[in-house]
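**Student:** I am attaching a structure below and will ask some questions about it afterwards.
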Amino acid sequence: MAHYQPPKQGKASQLFDVVVLVVLTVGALFVPLWMGMAGAAKSVATPVANPTWEALGQNEAQSAKYEALGYTPETAHDLILARFDYSFSVTALLTMIAVILLYYFLILRFSEVEYREVISEKFGE
Amino acid sequence: MTQVDITSTTMDGMGPHGTKVGLLRVLGPAHVWALGVGIVLVGEYMGWNFAVGKGGAYAALIACWFAGILYSCVAMIDSEVTSTVASAGGQYTQAKHIIGPLMAFNVGLYLVFAYTMLEAANAITAGYLFSVVASMTGHADALDQRPFIILVIMFLAWLNYRGVLATLTFNLVITAIAFIAIIVLFVSTTGLVGSGIMEHAALFEGHELPYGWIGVLAAMHFGLWYYLGIEGTTQAAEEVRSPARALPFGTLAGIMTLLIAATLTWYVCSGVLPWEFLGDGVNGSVAPLFDTARLSGSIALVWLLGFGTLFATLASANGCINDASRAWFAMGRDKYLPGWFGAVHPKYRTPYRAIVFLVPIALIFALGAPLDQVITFSILSGLLGYTFMPLNIILFRRKWPLETIKRGYEHPFHPIPALTLLTLCAVTFFAVFLGYGTQLVAMIGFYIVVSLWFHFWRYRFVNRGAQFTMPWPKPRGY
């Protein structure tokens, strides 16, 4: 295989590449946050009016710990009752699996093409 | 008879063949242990408790042990490959030699983002700790945590800039103190010395598995946080005096240390703190070991665990800067990223441009995102990296069977650890999907876009054959 000679990259082009990567990185985390799509929000399904430790499902030992931490039934209400919602659609699950498989297929396929070039040049075929 | 013996006296400690730029070889096995455990130990001081929130206390314990199996597989696989790849970049360099450039580029980014996000999470926790100490010592108003977050990141970046030996020696000392603090808390509160304060049965009553068994699966998401980063020991490959011996020893000793620390941490915290408080790391227990000490009634324990938490966050952030910058540097050196990043400081022999460049990235996330989102970003990058490892070891053994390259360490029962790791990664992907599916898809979308960018644009600047720097024979099948 003929020896590949990469082009020399100018400083402006190097800077542009860095900016692209930084924008993509920051976007990957912050876009879901800005759009309010970041999951894991816990919510209180059935709030308790005039909460007591018993009404919040806390026994004596548990309520004593909360009091030692400085909580009252009112201030601990949301902390104790908030729950994740683990219901999901099969379509969403299958979409996630498809996206992950597509990703690995893509990088393994392209990597193999690039790797054969590397080995061919390195070991002189 | 093996064709290549990377563990021989003549080859042990050598740099990558054909590499013009090398880092200073000054580290021993204790530094490797400190690098691995130093990065991870903070996972016992904060973050793991989100697993309690996702499934309850028992679910977090089950996740702790299954994640322990996952990381034992990671440590075994990593030790074998790394003991033959004595070059900066860790798994990035492994992927480059075993799977191919695009995989390597992705793995390099996994490493940089996993560590940079972990560093950001550490800085957030350090800022929180300073605010708690301020209120405990009489400060009336809420303390602005941002100056402390910025100071932590800037100070540790400066330390890394100045030299790796001082950096990791600093890590060795503060990691040891943080680990001893956990042992002291365990001994003091469980009744081994004096009267115990554990109330597991009473605190679990009525809340054994609050989400049922699906909560156990969901808890695997943050179960990774107990150990995330142990694979970072491989980043020191180009700076240890004897990679073939020091890297396996340091990594395997590290995972054993962490298995002990994680189990002790779960036992102590879940026996003192109610699960709803323990499981909410944003509005409840940000630093659970510290909170456990607060409820112990001992001022000495409060101070000890306060310093333990601070030291653990500093050690972790320190190791993260070290690892992320090595991966970024290695990609720059190979022109996977602009070559400007592939420079070594003329005096300190550190990858100083990579270190400085990653400071503002860490600050953006530390100052602008909630702790659980930052941790999830880090875990997802780590998880993608762990999914790569089984593919890596299977292809490594196939392309270079044991008789072709003598390893410093050969992991037993191949391919059982690889298949176990792959299965546990699949379970963890599902766990992340439960509650954080949007971030998962956004993250994979990001990696698909940057992969296309690399393959169709960036790769043209990369020398083809010169990327293969290890003194290995030609791989089988090519």
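The values are calculated or read from the model by the stated rules, or taken from the named source; none is laboratory data. Note that the coordinates shown come from a computational prediction; the quantities given were computed from them, not determined experimentally. Cβ sites come from the backbone with ideal geometry, for glycine too, and all protein chains shown count toward neighbours.
Each row is one residue, and each column tells you yes or no for (1) among the hydroxyl-bearing types (Ser, Thr, Tyr); (2) part of a helix (DSSP H, G or I); (3) in contact with an Asp or Glu (Cβ under 7 Å, 6 or more places away or on another chain); (4) within 7 Å of chain B (Cβ to nearest Cβ).
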site: A:GLY70; (1), (2), (3), (4): no, no, no, no
site: A:SER87; (1), (2), (3), (4): yes, no, no, no
site: A:ILE100; (1), (2), (3), (4): no, yes, no, yes
site: A:ILE107; (1), (2), (3), (4): no, yes, no, yes
site: A:GLU114; (1), (2), (3), (4): no, yes, no, yes
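**Student:** Looking at (1) free of Cβ contacts under 8 Å to residues at least 12 places away in the same chain; (2) more than 14 Å from chain A (Cβ to nearest Cβ); (3) among the basic types (Lys, Arg), which is the only condition B:ARG294 fails?
**Tutor:** The failed condition is (2).
**Student:** Pick from B:ALA121, B:ALA30, B:ALA34, B:ALA104: which is crowded, with 24+ Cβ neighbours inside 10 Å and over 13 Å from the mean Cα position of the chain (by Cα)?
**Tutor:** B:ALA104
**Student:** Would you pick out the residues in region B:198-240 that are over 18 Å from the mean Cα position of the chain (by Cα), outside any loop (DSSP other than H, G, I, E, B) and small (Gly, Ala, Ser)?
**Tutor:** B:ALA201, B:ALA202, B:GLY215, B:ALA218, B:ALA219
**Student:** State whether one or more residues within region A:37-55 are in contact with a strand residue (DSSP E or B) (Cβ under 7 Å, 6 or more places away or on another chain), surrounded by 14 or more Cβ atoms within 10 Å (Cβ to Cβ) and among the small types (Gly, Ala, Ser).
**Tutor:** No, that holds for no residue.
**Student:** While we're looking at this one, here's another question. Working only within region B:445-477, note down all residues that are part of a helix (DSSP H, G or I), in contact (Cβ under 8 Å) with a residue 40 or more places away in the chain and not aromatic (Phe, Trp, Tyr). Can you show your working first?
**Tutor:** So the first thing to find is which residues in region B:445-477 are part of a helix (DSSP H, G or I), and the list is B:445-456, B:458-461, B:465-467.
Then drop every residue that is not in contact (Cβ under 8 Å) with a residue 40 or more places away in the chain, which leaves B:447, B:450-451, B:454-455, B:458-459, B:461, B:466-467.
Hits for region B:445-477 are B:VAL450, B:SER451, B:HIS455, B:ARG458, B:ALA466, B:GLN467.
**Student:** Does at least one position in region B:177-193 carry a residue that is part of a helix (DSSP H, G or I), closer than 30 Å to B:PHE341 by Cβ and polar (S, T, N, Q)? Before the answer, list the steps.
**Tutor:** Step one: filter region B:177-193 for residues part of a helix (DSSP H, G or I), giving B:177-189.
Narrowing further to those that are closer than 30 Å to B:PHE341 by Cβ: none.
For region B:177-193, residues part of a helix (DSSP H, G or I), closer than 30 Å to B:PHE341 by Cβ and polar (S, T, N, Q): absent.
**Student:** Can you tell me which residues in region A:69-81 are among the small types (Gly, Ala, Ser) and loosely packed, with under 13 Cβ neighbours inside 10 Å? Give the steps one after another, and end with the answer.
**Tutor:** So in region A:69-81, the residues among the small types (Gly, Ala, Ser) come out as A:70, A:76.
Of everything in region A:69-81, just one residue is among the small types (Gly, Ala, Ser) and loosely packed, with under 13 Cβ neighbours inside 10 Å, namely A:GLY70.
**Student:** Which residue is farthest from A:SER87 (Cα to Cα), if the candidates are limited to region B:427-443 and must be within 7 Å of chain A (Cβ to nearest Cβ) and in contact (Cβ under 8 Å) with a residue 24 or more places away in the chain? Before you say what the answer is, go through the steps one by one.
**Tutor:** In the first step, residues of region B:427-443 are kept if they are within 7 Å of chain A (Cβ to nearest Cβ); the result is B:429, B:433-443.
Subsequent filtering for residues that are in contact (Cβ under 8 Å) with a residue 24 or more places away in the chain retains B:429, B:434-436, B:439-440, B:443.
Details: B:PHE429: 16, B:LEU434: 8, B:GLY435: 9, B:TYR436: 12, B:GLN439: 17, B:LEU440: 17, B:MET443: 22 Å.
Among those that are within 7 Å of chain A (Cβ to nearest Cβ) and in contact (Cβ under 8 Å) with a residue 24 or more places away in the chain, it is B:MET443.
**Student:** I've got another one for you. Which residue, of B:SER72, B:SER87, B:SER79, is in contact with a helix residue (DSSP H, G or I) (Cβ under 7 Å, 6 or more places away or on another chain), in contact (Cβ under 8 Å) with a residue 24 or more places away in the chain, assigned to a loop (DSSP other than H, G, I, E, B) and not hydrophobic (A, V, I, L, M, F, W, C)? So that I can check it myself, show each step before the final result.
**Tutor:** Working: B:SER72 fails: assigned to a loop (DSSP other than H, G, I, E, B); B:SER79 fails: assigned to a loop (DSSP other than H, G, I, E, B).
Within the list B:SER72, B:SER87, B:SER79, the selection yields B:SER87.
**Student:** Please specify each residue of region B:354-381 satisfying the condition of being at pLDDT 85 or above and of a type in the set (Gly, Ala, Ser).
**Tutor:** Within region B:354-381, B:ALA354, B:ALA362, B:ALA366, B:GLY368, B:SER378, B:SER381 qualify.
**Student:** (1) closer than 30 Å to A:LEU101 by Cβ; (2) within 14 Å of chain A (Cβ to nearest Cβ); (3) touching a residue at least 60 places away in the same chain (Cβ under 8 Å): which one isn't true of B:VAL356, the others all being true?
**Tutor:** Status for B:VAL356: all satisfied but (1).
**Student:** Taking the criterion of being modelled with pLDDT under 90, among the hydrophobic types (A, V, I, L, M, F, W, C), in a helix (DSSP H, G or I) and over 22 Å from B:THR263 (Cβ atoms), would at least one residue in region B:331-345 satisfy it?
**Tutor:** No, region B:331-345 contains no residue that is modelled with pLDDT under 90, among the hydrophobic types (A, V, I, L, M, F, W, C), in a helix (DSSP H, G or I) and over 22 Å from B:THR263 (Cβ atoms).
**Student:** Just to check your reading of the model, which residue among B:LEU305, B:LEU380, B:LEU367, B:LEU358 is surrounded by fewer than 24 Cβ atoms within 10 Å (Cβ to Cβ) and among the hydrophobic types (A, V, I, L, M, F, W, C)? Show your work before the answer.
**Tutor:** Values: B:LEU305 fails: surrounded by fewer than 24 Cβ atoms within 10 Å (Cβ to Cβ); B:LEU380 fails: surrounded by fewer than 24 Cβ atoms within 10 Å (Cβ to Cβ); B:LEU358 fails: surrounded by fewer than 24 Cβ atoms within 10 Å (Cβ to Cβ).
Criteria check complete, one pass: B:LEU367.
**Student:** Same structure, new question: Just one of (1) at the interface with another protein chain (Cβ under 8 Å from one of its Cβ atoms); (2) closer than 28 Å to B:VAL107 by Cα; (3) not in a loop (DSSP other than H, G, I, E, B) trips up A:LEU94, so point out which.
**Tutor:** (1)
**Student:** Filter region B:171-201 down to the residues that are at the interface with chain A (Cβ under 10 Å from one of its Cβ atoms) and surrounded by 15 or more Cβ atoms within 10 Å (Cβ to Cβ) and list them by number.
**Tutor:** Once the filter is applied, which keeps residues that are at the interface with chain A (Cβ under 10 Å from one of its Cβ atoms) and surrounded by 15 or more Cβ atoms within 10 Å (Cβ to Cβ), region B:171-201 yields only B:GLU199.
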